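Accompanying notes for the structure given below.
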Amino acid sequence: MLTNTTKTPVYELTKADKRFVGWHILFAVSALTIGSLFGPLQALEHAGVNWYPKLDFLFIKLDGINSYYQGLTLHGVLNALIWTTFFITGFTTLVVIRGLKRPLTHPLLNKIGFWMMVVGLVTAAVPLLGNKASVLYTFYPPMEADTLFYIGLVLVVVGSWTEGWGFYLTLWSWRKENRETRTPFVVLAVVINMVMWQIATLGIATEILGLILPWTFGWTGGIDPQLSRTFFWFTGHPLVYFWLLPAYASWYGMLPKQAGGKLFSDSLARLAFWLFLVLSIPLGFHHQFVDPGVPSGWKFIHSILTFGVAFPSFLTLFTVVAGLEYAARKRGGKGLFGWIRALPWKDASVTAQLLAGILFLFGGIGGIANASYSLNLVLHNTSWVPGHFHLTVASAATLSFFGISYWLVPYISGKPLWKPKWALASSWIYFSGMLVFSNAMHTVGLLGAPRRTPLGLAPYVPAEWNGHLFRVALGGSIMYIGLMMYVTVVAFTAFQRKRLPQGEHVEIPIAESMQDPQLTPVWLDRWKPWLIATAVLIILAYGPQLFDQIAGIESTSPGFTP
Amino acid sequence: MSAPETKEKIPLHVDPTEKAWIRTAIVVLGVFIVAVTVAGFMLGIQVPTNEQRVNPQTIQDAPPWSEPGVREIVAGEKYDVYIVAKRFFYEPSTVEVPVGAEVTFYVTSTDVQHGFKIEHTNINFMAIPGEVSKLTATFTEAGTYDYICTEYCGLGHAVMFGSVTATP
């Protein structure tokens with residue numbers, strides 16, 4: 001039940017590298033622990049149970065948590081931005097080093113990037129904990145937070161870019177030394193993700209540096225809220241892919257190995273990632289379908305482009321399932337669907353990722369509804385939306401990261417997984433809670449319940465919502481139990497005294513491809529054409545509107561505290 | 001970062017079952033695109049589009065926004081409704097229109113971003129300072145329809161709502 005161990009590792013990370021990855025995971029899991037504390041409280045609030053005062057003992061120096069929204073802001077920022085970014089950069093570091101079988105070429109650059117993210121986190125945490133930045137993780141102007149909040153976010157983003165540069169330079173020098181060899185798939189996948197993130201975050205960087213900071217410093221009389229939204233959503237949707245693609249990289253390139261199989265198609269796996277690079281960004285207006293300041297024609301175009309990015313997800317579904325089926329049949333699985341039972345369901349790492357994939361099926365289908373220009377009118381800003389993204393960031397990504405942690409933490413700590421049965425149970429409990437929670441959130445959203453609202457206080461809640469709001473509370477509480485079991489398993493694994501037996505090493509699972517990667521066409525291992533295509537499509541899909549909105553900027557809104 | 005030139009071009013190998021799947025995916029997405037196109041251009045489902053830019057600080061100095069509310073254009077048939085979203089109420093908070101009339105809603109905000117969603121209708125949009133949101137609806141059944149703020153606008157967000165009464 002312990003993750004696969006080996007006597008002779010293919011390539012072992014140095015102690016310093018392992019420690020560096022470990023710091024990422026430590027900050028990630030700590031953020032998740034604090035951020036998730038508010039999840040069940042929000043869910044219970046919806047059912048009319050106020051447990052916020054129970055947190056006072058934890059935040060006693062801060063005079064308790066001052067509002068539902070302070071908690072909700074911490075929940076969004078720590079879980080959706082910090083847990084993900086720290087985990088992803090840590091995971092990427094490990095995959096790049098192990099995949100290329102060489103250390104980072106500029107480790108100092110990566111260290112600077114990482115500590116910049118930490119400084120950013122601390123900087124943003126000060127106003128967040130002091131209830132001076134309860135503006136939610138979308139921080140829509142003209143609602144105004146303490147300046148430190150924005151500066152902290154900028155540092156986190158620029159820190160992640162800096163880590164990205166460290167990865168690009170490492171891959172660059174590997175490619176110079178290995179001109180005849182295809183880049184290992186998993187490395188290509190995680191580096192494409194960092195590049196996509198770097199391009200996508202130009203939106204949020206422009207919003208904060210170009211509009212928000214000059215406004216909070218008082219240099220401009222006001223701000224243009226519509227233009228800020230456009231810059232925010234330039235980053236906002238690809239952010240979802242930044243969370244998802246590392247999980248995809250694991251499903252494609254690692255999970256088959258853990259299940260005893262191979263990557264089904266090296267070529268199509270690469271194609272899917274290149275398409276994600278090209279298509280993730282030029283579709284942000286589908287978050288602005290009901291904004292008054294964006295022409296309906298552009299909304300329609302972005303709706304169609306969003307269907308385009310569903311295509312590589314369809315490819316992923318096939319390739320990942322085919323790889324798993326191959327593994328299951330090798331293990332003796334039979335029947336049209338009977339093979340599913342032959343997968344290693346006793347392996348906590350595999351199970352977490354399989355359950356993540358199952359939840360993501362629903363998330364993907366719901367996402368297509370969101371992207372539909374017409375259906376969105378019924379869903380926009382209802383609780384359907386958080387119901388949806390808890391299936392993406394909080395399931396496909398987070399539950400996969402649970403699974404990855406179950407081999408990664410033993411690997412970097414050199415210690416066996418603490419209580420593998422707990423690890424296994426954590427995913428099932430979280431999964432069950434998520435099914436109840438997300439189903440209830442989707443349903444009550446369709447009935448008209450707004451998101452981001454303490455519905456326990458709202459005067460307009462009709463009786464027909466109550467049963468669903470009770471299920472929100474129930475599911476949310478169950479999820480929290482699963483999540484705390486994950487945190488416990490990871491913490492005890494890392495800090496226990498017991499070590500792996502002498503000479504044994506945890507194996508980093510990297511799946512072979514069924515077809516020799518050297519037979520993958522060259523155009524699927526080249527950056528230039530895909531980067532050009534990315535730039536061209538962004539210019540076509542965003543250029544004219546950005547030009548119009550910037551040319552017509554009206555900075556007339558003064559700031560408001562929440 | 002360029003890969004080596006190979007003398008022979010390597011073809012893209014795709015498994016036959018996967019080819020069938022790719023075709024299916026393209027057809028499915030094609031059907032969705034057609035459905036959205038039909039909804040958007042033939043069934044008359046509308047989303048807000050550029051209406052007008054305004055100054056949120058001075059907008060209530062002059063009509064129609066100085067006196068928001070219902071304007072009768074054609075009695076029993078056509079009405080315009082002006083609503084201002086503010087923390088944490090709508091001005092006006094109640095609106096009365098006849099059943100079966102074509103009602104166009106114009107909504108803006110004078111402070112932060114708000115939402116505006118009339119329950120059980122297709123009216124759902126953002127109210128953004130500096131912009132006017134506009135959509136048209138017809139209430140075919142008599143009754144009261146709440147309009148709810150769907151965007152976080154501050155501590156009182158949960159109590160921000162109003163209602164349309166459609167009278168026979």
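Of all the criteria given as (1) closer than 25 Å to B:THR150 by Cβ; (2) more than 12 Å from chain A (Cβ to nearest Cβ), the one not satisfied by B:PHE88 is (2). So, A:THR382, is that one buried (at least 19 other Cβ atoms within 10 Å of the Cβ), at the interface with another protein chain (Cβ under 10 Å from one of its Cβ atoms), hydroxyl-bearing (Ser, Thr, Tyr) and touching a Lys or Arg at 6+ places or on another chain (Cβ under 7 Å) or not? Here the answer is yes, as A:THR382 does meet what is asked. Hey, does segment A:161-170 have a residue that's charged (D, E, K, R) and either away from chain B (no Cβ under 14 Å) or surrounded by fewer than 24 Cβ atoms within 10 Å (Cβ to Cβ) (or both)? Scanning segment A:161-170, I find at least one residue that is charged (D, E, K, R) and either away from chain B (no Cβ under 14 Å) or surrounded by fewer than 24 Cβ atoms within 10 Å (Cβ to Cβ) (or both), so the answer is yes.
Do we have any residue at all in segment B:96-110 that's touching a helix residue (DSSP H, G or I) at 6+ places or on another chain (Cβ under 8 Å), within 24 Å of A:PRO454 (Cα to Cα), at the interface with chain A (Cβ under 10 Å from one of its Cβ atoms) and surrounded by fewer than 23 Cβ atoms within 10 Å (Cβ to Cβ)? Yes.
Free of Cβ contacts under 8 Å to residues at least 40 places away in the same chain and under 25 Å from A:LEU408 (Cα atoms), is that true of A:LEU108? Taking the combined requirement at face value, the residue satisfies it.
Out of the residues in segment B:157-168 meeting the condition of being more than 7 Å from chain A (Cβ to nearest Cβ) and modelled with pLDDT of 95 or more, tell me which one is farthest from A:PRO295 (Cα to Cα). Here the answer is B:THR167. Of the helices (runs of 4 or more DSSP H) entirely within segment A:219-314, those holding at least 3 residues that are hydrophobic (A, V, I, L, M, F, W, C) occupy A:225-253, A:266-279. So which of A:PRO501, A:PRO462, A:PRO521, A:PRO454 is within 30 Å of A:TYR168 (Cα to Cα) and either away from every other protein chain (no Cβ under 14 Å) or not small (Gly, Ala, Ser) (or both)? Checking each option against the conditions leaves just A:PRO521. Close Cβ contacts (under 6 Å, 6 or more residues apart or on different chains) running from residues in segment A:288-315 that are within 7 Å of chain B (Cβ to nearest Cβ) and free of Cβ contacts under 8 Å to residues at least 24 places away in the same chain to residues that are in a helix (DSSP H, G or I) and surrounded by fewer than 22 Cβ atoms within 10 Å (Cβ to Cβ) comprise A:ILE304/B:ILE33; A:PHE314/B:ALA25.
When you scan segment A:106-201 for helices (runs of 4 or more DSSP H) that lie fully inside it, which ones turn up with 3 or more residues that are touching a Pro at 6+ places or on another chain (Cβ under 9 Å) and either of a type in the set (Gly, Ala, Ser) or under 21 Å from A:TRP243 (Cα atoms) (or both)?
Answer list for segment A:106-201: A:185-200.
Filter segment B:127-161 down to the residues that are at positive phi and crowded, with 24+ Cβ neighbours inside 10 Å and list them by number.
Result: B:GLY130, single match.
Among the residues of segment A:39-89, the ones that are among the charged types (D, E, K, R) and not in a helix (DSSP H, G or I) come to 2 in all. Just so you know, in segment A:329-353 the residues that are surrounded by fewer than 23 Cβ atoms within 10 Å (Cβ to Cβ) and touching a residue at least 24 places away in the same chain (Cβ under 8 Å) include one that is farthest from A:LEU263 (Cα to Cα), and it is A:LYS346. Just wondering, is there one or more residues in segment A:321-329 that are under 22 Å from A:PRO521 (Cβ atoms) and in contact with a strand residue (DSSP E or B) (Cβ under 9 Å, 6 or more places away or on another chain)? Within segment A:321-329, one or more residues are under 22 Å from A:PRO521 (Cβ atoms) and in contact with a strand residue (DSSP E or B) (Cβ under 9 Å, 6 or more places away or on another chain).
The values are calculated or read from the model by the stated rules, or taken from the named source; none is laboratory data. Fair warning: this is a prediction, and the values are worked out from it, not measured in the lab. All Cβ positions, even for glycine, are placed from backbone atoms using ideal geometry, and neighbour counts span all protein chains on display.
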